[in-house]
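Novice: I'd like to ask some things about the structure below.
Values in this text are rule-based calculations from the coordinates and carry no lab data. These figures come from a predicted structure and were not determined experimentally. Note that we place each Cβ from the backbone using ideal geometry, even for glycine, and neighbour counts take in every protein chain shown.
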Amino acid sequence: MFPHRNEQGQVWSAVLQKNARMEIEQNRYETDGETISKRILFGWKCLQEVQEKMMEKQQELSNMANPENDKKL
């Protein structure tokens with residue numbers, strides 16, 4: 001989903017996967033239900049924001065590639 005590279009030359013999908021795994025392992029033994037719920041909701045919200053930004057950027061790039069479609073809106 002993220003094929004481009006960061007400033008260090010690492011593929012973003014690999015960086016995100018590594019960070020997600022690290023967070024899961026750090027929180028594996030959390031027992032407080034409220035803390036778990038907050039973390040799940042925060043993760044969901046972050047995912048939603050990333051998806052929205054990606055859709056906006058895709059639409060922007062599509063409009064740049066097909067400027068006549070932008071005029072119809």
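Novice: With everything on Cα atoms, drop me the angle between helix 12-26 and the longest principal axis of the chain, reported from 0 to 90° to the nearest 10.
Specialist: 20 degrees
Novice: Using a ≥ b ≥ c from the Cα gyration tensor of the range 32-73 (square roots of the eigenvalues), is it rounded, prolate or oblate, where a/c under 1.5 gives rounded and otherwise the larger of a/b and b/c decides, a/b for prolate?
Specialist: Prolate shape, in that a/c is at least 1.5 and a/b is the bigger ratio.
Novice: Between T35 and M64, what is 0.36 nm times their sequence separation minus the Cα-Cα distance? Round to one decimal in nm.
Specialist: Result for the pair: 6.1 nm of gain on full extension.
Novice: Here's another thing I want to ask about it. How large is the dipole of the chain about the Cα centre if only Lys and Arg carry +1 and Asp and Glu carry -1, each at its Cβ, rounded to the nearest 20 debye?
Specialist: 160 debye
Novice: Let me ask you something else. Let me know the Rg and Dmax you get for the chain when you use only its Cα atoms, in Å.
Specialist: When restricted to Cα atoms, the chain yields Rg and Dmax of 17.7, 55 Å.
Novice: Residues with amide H under 5 Å of F2's amide H, sequence separation 5 or more or different chain, H placed in the peptide plane at 1.01 Å from N; which?
Specialist: Residues meeting the amide H criterion: S13.
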